[in-house]
1. How far is the Cα center of region 91-120 from the Cα center of region 129-184, in Å?
2. Which of TYR176, TYR121 comes first, and how do the rest follow, when ranked by fewest Cβ neighbours within 10 Å?
3. From the backbone phi of region 116-125, what are the Karplus-calculated ³J(HN,Hα) couplings (6.51 cos²θ - 1.76 cosθ + 1.60, θ = phi - 60°) in whole Hz, Gly and Pro given as x?
4. Full-extension gain between ALA125 and LEU168, please, as 0.36 nm times their residue separation minus the C-alpha to C-alpha distance.
5. Can you give me the long-range amide H partners of GLY146? Hydrogens built in the peptide plane at 1.01 Å from N, cutoff under 5 Å, separation of 5 or more residues or another chain.
6. Over region 59-173, what relative contact order in percent results from Cα pairs under 8 Å that are six or more residues apart?
7. So how far apart, in nm, are the two label points at ALA138 and ASN188 if each is 7 Å from Cα heading toward Cβ?
8. Taking a cut-off of 18 Å between Cα atoms, list the aspartates and glutamates near LYS132, but don't count ones fewer than 8 places away on the same chain.
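Throughout, read-outs are computed from the coordinates displayed, never taken from laboratory work. Being a predicted model, the structure only gives us computed values, none of them experimental. Glycine also receives a Cβ, built like all others from the backbone with ideal geometry; neighbour counts cover every protein chain displayed.
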Amino acid sequence: MKTAVCSKTKDMTSRRLFLKGLACGATMAMAGSPGIVLASKGWLQSPRKLAFHNLHTEEKISLTYFEQGNYVSGAVDELSYLLRDHRSGDIHAMDPALFDLLHDLQASLGGNKTFQVISGYRSPATNRMLNKNSSGVAKKSLHMQGKAIDIRIEGVDSRVVQQASIALARGGVGYYRKSDFVHVDTGNTRHW
């Protein structure tokens, strides 16, 4: 069963090569993740689906990233690719716990709407550049570790997304009213 569908297919050769290489590394990296351990013990069985629209690259993806008690490595790789640094093209394995957080956020809002991506992974160089130009960018941002994402949810007011994220009490939540987006991460529980 194919679980991932992308709207842009240019440069698929290099993308496939990247995904093949990332699959091995991501599988090994995820082996140490608490969610993987729980999933392998059969405690978390329900399939989990997410849909994203990267506003910078115009790529869209809708997939099941977790099923039969395991993270789907190909799906996690596809999400990491979609959430790459759109400025540099650098790709980093995203924290699967971030996907679980987004899945639970989506469920708390009562639907399966598309997450609009403002920023996923950020390379250190991109983060330095953004930090110099904005007081709202942390020097040691969790975006550089693949543990943060800036989002909107199609059809949902960003203030509602912020409040629902805070209610989950899992990680950081930032609300950026002027830019109309919400930051969520898998770091310490806090909000701003």
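1. Value for the Cα centre distance between the two parts: 12 Å.
2. Ranking TYR176, TYR121 by Cβ neighbours within 10 Å, fewest first, gives TYR176, TYR121.
3. Computed from phi, the couplings for region 116-125 are 8, 8, 8, 7, x, 5, 10, 5, x, 5 Hz.
4. Roughly 12.3 nm would be gained on extension.
5. It is ARG122, by chain and number.
6. Normalised by residue count, the contact order of region 59-173 is 24 percent.
7. 0.9 nm
8. Partners found: ASP85.
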